[in-house]
Protein chains: 2
Amino acid sequence: MTQDDQPFVTFINIFEVAAEDADAVAAKWRERAAVMSTKPGFLDSRLHKARSAQGRFQLVNVAHWESQEAWEAASTDMDFASRAQAAQQATDTPLRPNTGLYDIVAQF
Amino acid sequence: MTQDDQPFVTFINIFEVAAEDADAVAAKWRERAAVMSTKPGFLDSRLHKARSAQGRFQLVNVAHWESQEAWEAASTDMDFASRAQAAQQATDTPLRPNTGLYDIVAQF
């Protein structure tokens with residue numbers, strides 16, 4: 001498969017958070033995802049939580065967007081809104097997200 | 001959602017590999033996945049490759065299995081076979097996989 005065969009791009013966000021913080025991070029994720037899901041080009045998004053509290057990556061979000069451009073436009077919108085909101089709020093516990101856009105290179 | 005609502009478990013494997021090694025790792029992944037996909041309880045599996053070579057996690061596998069038990073049984077089988085094979089081969093470049101079983105805790 002090549003990138004051109006796929007009518008979507010996969011956005012993956014890997015959260016390196018402690019197990020005890022996972023629920024709080026998931027709650028914040030839901031708020032953000034609820035808004036992102038209304039943006040043009042959004043297809044779907046799933047937040048996964050590790051069964052084991054020992055796992056290094058407690059939360060992993062896998063989302064699909066129609067295109068990289070649609071995802072970039074939505075992210076820019078969100079980040080602008082988030083910065084405006086953050087200016088009025090106390091700082092939260094910093095997350096350690098690892099985000100990237102991916103193509104499917106093999107599947108079974 | 002709770003774990004009990006879901007008739008499957010999500011297996012995620014996050015590979016911390018350099019971009020220049022990603023294709024070789026993907027080729028090895030395909031060999032292993034081809035066998036795993038024949039095991040009882042396997043549903044589907046997708047290997048994702050980062051669009052950006054700067055990404056920390058160049059490859060991410062997201063697979064679905066009917067149950068944790070099915071995944072454990074298949075993994076045990078595979079690891080036994082791999083160890084037997086490895087005993088006859090030169091050591092390969094070590095991967096840095098991060099594996100875990102996950103439940104979906106939110107989706108849009």
Requested in this report: Among the residues of region B:1-45, write down those that are touching a strand residue (DSSP E or B) at 6+ places or on another chain (Cβ under 9 Å), at pLDDT 95 or above and of a type in the set (Ser, Thr, Tyr).
Outcome: B:Thr10, B:Ser37, B:Ser45
Query raised in the report: Would you pick out the residues in region A:56-73 that are among the hydrophobic types (A, V, I, L, M, F, W, C) and either more than 23 Å from A:Val17 (Cβ to Cβ) or not in a helix (DSSP H, G or I) (or both)?
Result: A:Phe57, A:Leu59, A:Val60, A:Val62, A:Ala63, A:Trp65, A:Ala70, A:Ala73
Report summary line: Residue pairs within 8 Å by beta carbon, gap of at least six or interchain, first lying in region B:43-54 and more than 7 Å from chain A (Cβ to nearest Cβ), second of a type in the set (A, V, I, L, M, F, W, C) and buried (at least 21 other Cβ atoms within 10 Å of the Cβ), listed first then second, are B:Leu43/B:Ala63; B:Leu43/B:Trp65
Query - Looking only at region A:15-45, and only at residues there that are touching a Phe, Trp or Tyr at 6+ places or on another chain (Cβ under 7 Å) and not in a helix (DSSP H, G or I), the one that is surrounded by the most Cβ atoms within 10 Å (Cβ to Cβ) - result: A:Phe15
Query raised in the report: Being modelled with pLDDT of 95 or more, surrounded by 18 or more Cβ atoms within 10 Å (Cβ to Cβ) and more than 7 Å from chain A (Cβ to nearest Cβ), is that true of even one residue in region B:90-104?
Result: no
Report task. For region B:46-55, indicate whether the set of residues that are surrounded by fewer than 17 Cβ atoms within 10 Å (Cβ to Cβ), over 24 Å from A:Ala22 (Cα atoms), within 17 Å of the chain's Cα centre (by Cα) and modelled with pLDDT under 95 is non-empty. Result -> no
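The values are calculated or read from the model by the stated rules, or taken from the named source; none is laboratory data. As the structure is a prediction and not an experimental result, all values here were calculated from the model. Positions of Cβ are backbone-derived with ideal geometry, glycine not excepted, and every protein chain shown enters the neighbour counts.
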